[in-house]
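For reference, the structure discussed in these notes is given below.
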Amino acid sequence: MLYNEPSPLEVKVLTRRFSLPNSASLDTYLASDGYVALRKALGVKPEEILEEMKRSTLRGRGGAGFPAAMKWGFVPRSSPKPKYIVANADESEPGTCKDRLLMENDPHQLIEGMMIAGLVVDAHAGYIYIRGEYRYLIEILDRAIAEAYERGYLGKNILGSGFDFDLYTHTGAGAYECGEESALLESLEGKRGIPRIRPPFPAVVGAFQCPTVLNNVETLSAVPAIIRDGGVAFSALGTPKNGGTRLFCISGHVNKPGVYELPMGFNLLRMIDEVAGGVREGRKLKAVIPGGSSCPVLKAEECDIAMDFDSLSKAKSMLGSGGVVVMDETTCMVKAALRIMRFYAHESCGWCVPCREGTLWLRKILTRFHEGQGRPSDIPLIGELAKNMLGRTFCPLGDAAAMPTISFVEKFRDEFEAHLDGKPCPFEEADRTVLA
């Protein structure tokens, strides 16, 4: 199913089957180069597959941007313990909705990517951990898995190669925290979804205390194209050290919101104007969250930038999950900061004090601000609270709440000051005047 009209600027690699009839079926997949990469991978050594992955410069599409090949290389193949491949399909980052399209429209691409990862690290079982609200996708994935078993692409002695691989789906209960890899593994094992202390990392001690490759759905879905067409070809689609394409979820105040597959490094302003049809109603661009709600916000004058991990890092923001949230001149940035903090305060698992208490107090202060009850001393207090959360929590949820908050206050301090001394929100007041 398509969720937006395609753009002529798109480079379709992961989404090239989306427009085909019955795109989720095995027959459609096989008719369009499906499992060609697996056959190729079965005929070479694991080290050769890993080298191809290194040449692709594929970086994790879940948020952190860690090189995929390097993560796979950390798994000790010689370990006597079983190894596992886990797909993180707990897509809960506000502004992000691309993994569900990959699973809905092309589930066999994900299955093939997981099997190739299994070949590299000598894993013979895998799990797709799906967000609780994505339950309808379990039916699609289970149907695809059943097709693969029936035709010999999963199970024992796959394609007569001697390689065995079993695959299962597992649903969460809708907790944002379980998108964090160690909390996901706890949940997968049937325990409360709270983060683990690291090290050890999942590559050595992961699912069921065994070595585990844990990647995002988009990351694993890119693997078949890399092995089929070559790592160099995939890398050339993007920018140096940021190979391939990326599924960008463009939402907010644009004329054509949707999920678009574009080369890594695509310019953000071009993305808004030429791909998403520009800012709605001809209004001015005010700010953009470039990679999901956990990323520091960019002001309009900062948006002439390449959308890759390194460029956004230099701009003191992040590419994150690729959730591009566009805000026009009518947006109250205090309200935007509050809305984000409500989410993080609600989703904090409560396991560590800085996050549990920090998100609660930031939500209270921002609520007071937006209601016109803020005090001048609250502005530096917001920054102090947020900065005391950074790097002091078991998992990155505390950082995810703190970093955008700090950026909102630093870049739009004038709007926070405009809410002081009982003043109504100037943006909501303007709306009331227009309606009157």
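The values are calculated or read from the model by the stated rules, or taken from the named source; none is laboratory data. Since we're looking at a predicted model, the values are computed, not measured. Because the Cβ atoms are built from the backbone with ideal geometry, glycine has one as well, and the counts that use them run over all protein chains shown.
Is it the case that residue 211 is under 28 Å from residue 56 (Cα atoms) and either at pLDDT 95 or above or outside the structural domain of residue 107 (by TED's automatic domain parsing) (or both)? Against the criterion (under 28 Å from residue 56 (Cα atoms) and either at pLDDT 95 or above or outside the structural domain of residue 107 (by TED's automatic domain parsing) (or both)), residue 211 qualifies.
Rundown of residues vs (1) more than 28 Å from residue 219 (Cβ to Cβ); (2) touching a residue at least 40 places away in the same chain (Cβ under 8 Å); (3) not basic (Lys, Arg), yes/no style:
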residue: 292; (1), (2), (3): no, yes, yes
residue: 296; (1), (2), (3): no, yes, yes
residue: 309; (1), (2), (3): no, yes, yes
residue: 314; (1), (2), (3): no, no, no
residue: 321; (1), (2), (3): no, yes, yes
residue: 328; (1), (2), (3): yes, yes, yes
residue: 331; (1), (2), (3): yes, yes, yes
residue: 337; (1), (2), (3): yes, yes, yes
residue: 340; (1), (2), (3): no, yes, yes
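Taking (1) farther than 21 Å from residue 98 by Cα; (2) modelled with pLDDT of 95 or more in turn, residue 334 satisfies each apart from (2). Within this structure, residue 58 fails the test of being over 30 Å from residue 310 (Cα atoms) and assigned by TED's automatic domain parsing to the domain that holds residue 228. Counting only residues that are in a loop (DSSP other than H, G, I, E, B) and touching a Pro at 6+ places or on another chain (Cβ under 8 Å), which one in segment 203-243 is nearest to residue 269 (Cα to Cα)? Among them, the one singled out is 238.
Residues checked against (1) of a type in the set (A, V, I, L, M); (2) over 27 Å from residue 391 (Cα atoms):
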| site | (1), (2) |
| --- | --- |
| 186 | no, no |
| 195 | no, no |
| 202 | no, no |
| 225 | yes, yes |
| 244 | no, yes |
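Restricting attention to segment 361-390, the residues that are out of contact with any Gly (no Cβ under 8 Å at 6 or more places or on another chain) and either free of Cβ contacts under 8 Å to residues at least 12 places away in the same chain or among the aromatic types (Phe, Trp, Tyr) (or both) add up to 7. Residue pairs whose Cβ atoms lie under 9 Å apart, sitting 6 or more positions apart in sequence or on different chains, and linking a residue in segment 151-167 that is of a type in the set (Val, Ile, Thr) to a partner that is outside any loop (DSSP other than H, G, I, E, B) and surrounded by 13 or more Cβ atoms within 10 Å (Cβ to Cβ), are 158/38; 158/42; 158/115; 158/165. The lone criterion from (1) closer than 18 Å to residue 204 by Cβ; (2) surrounded by fewer than 17 Cβ atoms within 10 Å (Cβ to Cβ); (3) among the hydroxyl-bearing types (Ser, Thr, Tyr) left unmet by residue 19 is number (1). Scan segment 210-235 for residues that are β-branched (Val, Ile, Thr) and over 17 Å from the mean Cα position of the chain (by Cα) and jot them down. Result: 212, 226, 227, 232.
Select the helices (runs of 4 or more DSSP H) contained entirely in segment 96-198, then report the ones holding at least 2 residues which are modelled with pLDDT of 95 or more and within 30 Å of residue 355 (Cα to Cα).
99-105, 181-188
In segment 22-36, the residue that is surrounded by the fewest Cβ atoms within 10 Å (Cβ to Cβ) out of those that are of a type in the set (Gly, Ala, Ser) and in contact (Cβ under 8 Å) with a residue 40 or more places away in the chain is 25. Note on segment 219-237: among residues that are more than 11 Å from residue 13 (Cα to Cα) and not β-branched (Val, Ile, Thr), the one that is surrounded by the most Cβ atoms within 10 Å (Cβ to Cβ) is 220. Reported count of residues in segment 42-97, each being of a type in the set (A, V, I, L, M, F, W, C) and in contact with a Lys or Arg (Cβ under 7 Å, 6 or more places away or on another chain), is 5. Look at segment 37-66: where a residue is touching a residue at least 24 places away in the same chain (Cβ under 8 Å) and charged (D, E, K, R) and a partner is assigned to a loop (DSSP other than H, G, I, E, B) and surrounded by 17 or more Cβ atoms within 10 Å (Cβ to Cβ), sitting 6+ places away or on another chain with Cβ atoms under 8 Å, you get 59/65; 59/243; 61/321; 61/322.
If I ask for residues that are at positive phi and either assigned to a helix (DSSP H, G or I) or touching a Ser or Thr at 6+ places or on another chain (Cβ under 6 Å) (or both), which ones from segment 46-91 would you list?
If we filter segment 46-91 for residues that are at positive phi, which is where we start, we get 57, 63, 65.
Residues satisfying the conditions are 57, 63.
Among residues belonging to segment 339-353 that are part of a helix (DSSP H, G or I) and under 17 Å from residue 394 (Cβ atoms), point out the one that is farthest from the chain's Cα centre (by Cα). This residue is 353.
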